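The next block holds one structure in the form of structure tokens; read it before the comments.
The values are calculated or read from the model by the stated rules, or taken from the named source; none is laboratory data. The model shown is predicted, which means the values in this text are computed figures rather than measured ones. Cβ placement follows ideal geometry from the backbone for every residue including glycine, while neighbour counts extend to all protein chains displayed. The area values use the complete protein model at the heavy-atom level, side chains included, leaving out ligands, DNA and RNA. Shrake-Rupley method; radii C 1.70, N 1.55, O 1.52, S 1.80 Å.
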Amino acid sequence: RAKHEGRGRYAIFDPLMHFQAVQQMHLENDLRKAIENNQLVLYYQPIVNIKNQRIQGLEALVRWQHPERGLLAPGHFINIAENTGLIIPIGRWLLHTACQQLAEWENQFPHHFLKMSVNLSVKQLDIFLLEQLDEVLNNYNLKQNSLVLEITESMLVANIEKTCDLLNQIKAKGIGLSIDDFGTGYSSLSYLHQLPVNSLKIDRSFVSPANLSDRHQVIAKSIIALSKLLKLHVIAEGVETPEQFHWLKKLGCEAAQGYLFSRPVPASDITEL
Ligand code: C2E
Ligand code: MG
Ligand code: MG
Ligand code: MG
């Protein structure tokens, strides 16, 4: 920075950058204690079947009830969790909490089949994940195919063969797989049909009301058509208006998720819904 400001000027200490670095360090230290201090919470957002408008599933979305900063969205801490390795214990906690909650709802509403989607981080995609999955399947006695894991396209590029192998083992346990934010990553259509995934989630940028009239529409349409050809389920993310909903219905999209139906809310609110 000092360089750009020209000869004879130097900035060896930038108070703002220092402040941010210190903030980041505090957050990292706080996050280490977040699990044991019960500060992490899962919120749930309904995934609605477009035809009958019933809740077919829920996505678990993590929040951090920070003692000083209030309720933090994952954008504030998932990166830190990934960079520090804390995502491993946090991810395990998330999986357990979501499955425990799902088991509770399965008992409470035995005639309403619900799926529970849990987001995975790339760091969790290894052999230990299989042990964790066995653990939750044994502990909570969930219905077949009710647990779904969401992965993103970028998680698939690194080592496609190894990942594909792992995903097949996950599928063999009766766990569903969904590709999140579809259309924003680097999916190669050539391997999409080899992956053992069950559904695609259309990224909300392609269904956003602001983009409804331009080429984004074409992408959403194409993803819906593609999922039909590949016999995959398709879910639209970020549905905020009735216009979006009707448009998606016309295109034959199966399911939708977004503020139109509900924001992510605590478990007790879902029970009421
Ligand atoms: P995502 O998995 O694509 O989750 C959807 C995000 O879109 C959520 O943000 C949700 O609150 C938001 N959203 C839902 N409906 C609407 C809508 O109608 N309009 C708009 N503008 N937004 C909507 P959130 O909860 O802040 O999560 C952001 C991202 O953080 C998630 O994106 C996911 O990638 C990650 N994340 C969340 N929970 C977890 C978790 O438990 N583990 C991991 N590894 N990542 C997580
Ligand atoms: Mg997701
Ligand atoms: Mg998404
Ligand atoms: Mg995402």
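With respect to the cross-link table entries K115/K173; K33/K201; K33/K173, which display a Cα-Cα separation exceeding 23 Å?
Numbers: K115/K173 15 Å; K33/K201 33 Å; K33/K173 32 Å.
Cα-Cα > 23 Å for K33/K201; K33/K173; rest within.
In square angstrom, what is the accessible area per residue of the chain with a 1.4 angstrom probe? Mind dumping the intermediate values first?
Values: 15000 Å² over 273 residues.
That works out to 55 Å² for each residue.
Give me a comma-separated list of calculated 3J(HN,Hα) values for the stretch 253-264, in order, Karplus coefficients 6.51, -1.76, 1.60 applied at θ = phi - 60°, integers in Hz, x for any Gly or Pro.
6, 7, 9, 9, 9, x, 4, 3, 8, 5, 6, x
Against the empirical 2.2 N^0.38 Å scaling, what ratio does the C-alpha Rg of the stretch 139-265 come to? List each step's numbers first, then the result.
Numbers: Rg = 15.2 Å, N = 127, 2.2 N^0.38 = 13.9 Å.
Its radius of gyration relative to the 2.2 N^0.38 Å reference: 1.09.
Using a 7 Å offset from Cα along Cα-Cβ at K51, what residues in the stretch 235-273 end up with backbone N under 13 Å from the label point?
252-255
Give me the number: length gained by fully extending L230 to H96, i.e. 0.36 nm times residue separation minus the C-alpha to C-alpha distance, one decimal in nm. Show your work: numbers first, answer last.
Details: separation 134, 0.36 × 134 = 48.24 nm, distance 3.15 nm.
So the extension gain works out to 45.1 nm.
Please list the non-local residues whose amide H lies under 5 Å from the amide H of K115, H modeled 1.01 Å from N, same-chain partners needing a gap of 5 or more.
G57, L58
So for V265, V122, what's the accessible-area order with a 1.4 Å probe, most first?
On the way: V265 25, V122 75 Å².
Largest accessible area first, the residues go V122, V265.
Given the options E243, E131, E36, which has the most mean-square fluctuation in a GNM of the chain, springs set between C-alpha atoms less than 10 angstrom apart?
E36
Taking the Cα centroid of the stretch 47-104 and of the stretch 257-271, what is the distance between the two, rounded to the nearest whole Å?
If we compute the Cα centre of each part, the gap is 13 Å.
Per the 1.4 Å probe, what fraction of the accessible area of the chain, in percent, lies on carbon and sulfur atoms?
Its accessible area is 52 percent carbon and sulfur atoms.
Checking the cross-link filter: which aspartates and glutamates have an alpha carbon closer than 13 Å to that of K123, excluding same-chain neighbours under 8 positions apart?
E82
Ratio of the chain's C-alpha Rg to 2.2 N^0.38 Å, to two decimals? If you can, show how the numbers build up before the last one.
Working: Rg = 20.6 Å, N = 273, 2.2 N^0.38 = 18.5 Å.
My calculation over the Cα atoms of the chain gives 1.11.
Taking the chain as a Gaussian network, where each spring joins two C-alpha atoms under 10 Å apart, which residue of P209, P46, P242 fluctuates the most?
P242
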